[in-house]
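Note sheet for the following structure.
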Amino acid sequence: MKENKHIYIGLVHYPVFNKLKEVIITAVATVNIHDIARLAKTYELGGYFIINPLEDQHALVKRFLNHWLNGYGGKYNPLRIPPLRLVHCVYSIEEAIEHIKMEWKSKPKIIVTSARSYPHQLRYNEAKKLIKRKETPFFLLFGTAWGLAKDLISQADYVLKPIYGVGDYNHLSVRTAAAIILDRLLGGEDGCCSDD
C-alpha cells in the first residue's frame, strides 16, 4: 500500500476572507469534517487539521467526533471511524505545525491553495514531484469562505495554481477543491494511487 504519511491537510477557518476581502473567522461545517477526513484516509495522509480559534467550534468538533468515534454513530457505521481518527482540531496554524514538527522532527513545507492567481505559483506536476521525494513533511492548507487571507499566502513556501474548469467560474466548495487537488497530487493517471 502506498502511504503519504508525510502529507497533512489543514482546513483553515481563520484567517480567511469574506467576499469583501475582510479577514474573518468562519464556522465549522460538519460535512467538511467527515468528507475531508475520508479524503485523508483514501490517500493515506498523516492527518487532517481543522483550524479554528473559537471555543464553541472546538466543542462542536469534539461532540461530532465523540458521536462517531465513541458513541452510537461508530456502532451504526464503523466505516466512519478510520477516517475520523485522522482529525485534529487546533486553534491555529502554528499549533498544527508544532504537532507535525513533533512527529517528524522538522518543520513542514507549507503549500497553500487559492482560487486566485498569484505570482510564482507551483504547477501540479512540479508539486507532485516535490511531494514524491518524501524529503520533508508537507502541510497543504485549504481556506473556507472566500479563501485564505493574503498574509497567510505570502508566508507559505508554495502556492498551488488555481483549479480552472472550462469557463470563468472557479468558486468550488472546499470539499470539491480538496478532492481534485489531492487526486492531482497523489493519484495515478488511471485514477488510482499506484505507479504501475
State the answer as a single residue: which of I7, A149, S92 lies farthest towards the positive end of the charge dipole of the chain, with beta carbon charges of +1 for Lys and Arg and -1 for Asp and Glu, about the Cα centre. I7
Explain nothing, just compute: Karplus ³J(HN,Hα) = 6.51 cos²θ - 1.76 cosθ + 1.60, θ = phi - 60°, for every residue of the range 128-143 in order, whole Hz, x for Gly and Pro. 4, 5, 4, 5, 4, 5, 6, 7, 7, x, 10, 10, 9, 9, 10, x
Distance-filtered residues of the range 109-140 - backbone nitrogen under 19 Å, label point 7 angstrom along K2 Cα→Cβ: 123-140
So how compact is the range 4-186: Cα radius of gyration and Dmax in angstrom? 15.8, 49
Point-charge dipole on Cβ atoms (K/R +1, D/E -1) for the range 1-136, about Cα centre, debye to 20: 620 debye
Most positive-pole-ward Cα, A27, L60, T136, against dipole of the chain from beta carbon charges: T136
Let me know the charge dipole size of the range 62-196 about its Cα centre in debye, to the nearest 20, where only the beta-carbon of Lys, Arg (+1) and Asp, Glu (-1) is charged. 320 debye
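Given a Förster radius of 35 Å and the C-beta distance between K21 and Y72 as r, what FRET efficiency does 1/(1 + (r/R0)^6) yield to the nearest 0.05?
It comes out at approximately 0.25.
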Report the calculated FRET efficiency for W104 and A29 (r = Cβ-Cβ distance, R0 = 45 Å), to the nearest 0.05. 0.95
Packing rank of 164-171, 124-131, where each peptide gets the mean count of other beta carbons within 10 Å, highest leading: 124-131, 164-171
List the pairs from K62/K101; K75/K105; K75/K132; K41/K107; K107/K129 whose alpha-carbon separation is above 29 Å, in the order I gave them. K75/K105; K75/K132
In terms of modelled amide H atoms, which long-range or inter-chain residues lie less than 5 Å from the amide H of F138? I7, Y8, K109
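Every read-out reported here was derived from the displayed coordinates using simple, explicitly stated rules and does not represent laboratory data. No experiment lies behind these values; they were computed from the predicted model shown. Ideal geometry is used to build each Cβ from the backbone, glycine not excepted, and the neighbour counts take in all protein chains shown.
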